[in-house]
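Down below is the structure, laid out as structure tokens.
FYI, it's all coordinate maths here, none of it is from the lab. These numbers were taken from a predicted model, which means no experiment stands behind them. Neighbour counts run over all protein chains shown; Cβ positions are idealised from the backbone, glycine included.
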Amino acid sequence: MDTLTRLEATIAGRRDGDPAASYVAQLLARGTPALARKLGEEAIEACVAALSGSREELVGEAADLVFHLLVLLADKDIPLAEVMAELDRREGTSGLAEKAMRSA
């Protein structure tokens, strides 16, 4: 089992937990708008670390970003496997071609 799959399972296991005892349960109790804002904050922090921080800062912020993305996906009942299947579908397609198909 890989790290992301284990993390997804941990998030699922804590989903209905006590918000006072679980950060995941606390995040999920706040609702989708708060989760989306938190993901945005983490994305901005990763960008700032990429521009002015150290390698270690960016690694840490990237980990925070991935974690909060998985929590948001759990909130929306979207399994990581579905995201991975979409990435698999896009594999071998030029990023420019894929983007053009979306805007058509």
Quiz prompt | Members of the stretch 1-50 found to be among the small types (Gly, Ala, Ser) and touching a residue at least 60 places away in the same chain (Cβ under 8 Å), listed by number | solution = ALA12
Quiz item: Here are some residues: ALA49, ALA21, ALA36. Which one is within 11 Å of ASP75 (Cα to Cα) and either more than 15 Å from the chain's Cα centre (by Cα) or surrounded by 11 or more Cβ atoms within 10 Å (Cβ to Cβ) (or both)?
Solution: ALA36
Exercise. Please state which of the following conditions LEU70 fails to meet, knowing it meets all the rest: (1) at negative phi; (2) without any contact (Cβ under 8 Å) to a residue 24 or more places away in the chain; (3) of a type outside the set (S, T, N, Q).
Key: (2)
